[in-house]
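Undergrad: Take this structure first; my questions come after.
The values are calculated or read from the model by the stated rules, or taken from the named source; none is laboratory data. If you're wondering where the values come from, they're calculated on a predicted model, not measured in any experiment. A quick note on method: Cβ atoms are made from the backbone with ideal geometry, for glycine too, and the neighbour counts reach across all protein chains shown.
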């Protein structure tokens, strides 16, 4: 009995609302001149071009505010990010500090050994009567 129903059953594997025989469209590719640039960055780029052409007098208060806000945010972001050579400098500094501490440790160990060796030798010489 289940074989009878199997022939009458229609299965659909497409997306809901999709037309039969049509493929979904491929995602559109970006054709703008600055791929990945945000709307704010594009807006500020246009304002910057306007400033180069006519100075700040050509800007409205809103455009000038947008420009200064964006520039301040970029400046703050740049100051928060470590410079490219920062990690290299930190590694170099850590190596130098390690070398200094190793040398100081060796010198202090040698001083302690010399001190106690001199005390021990003096005691041995006194015990031997020399």
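Undergrad: Has segment 86-104 got any residue that is outside any helix (DSSP H, G or I), at pLDDT below 90 and more than 30 Å from residue 42 (Cβ to Cβ)? Can you show your working first?
TA: Residues of segment 86-104 that are outside any helix (DSSP H, G or I), as a first pass: none.
Within segment 86-104, not a single residue is outside any helix (DSSP H, G or I), at pLDDT below 90 and more than 30 Å from residue 42 (Cβ to Cβ).
Undergrad: Just one of the numbered conditions (1) part of a helix (DSSP H, G or I); (2) loosely packed, with under 10 Cβ neighbours inside 10 Å; (3) at pLDDT below 90 is not true of residue 35; which one?
TA: With (1) part of a helix (DSSP H, G or I); (2) loosely packed, with under 10 Cβ neighbours inside 10 Å; (3) at pLDDT below 90 applied to residue 35, the lone miss is (1).
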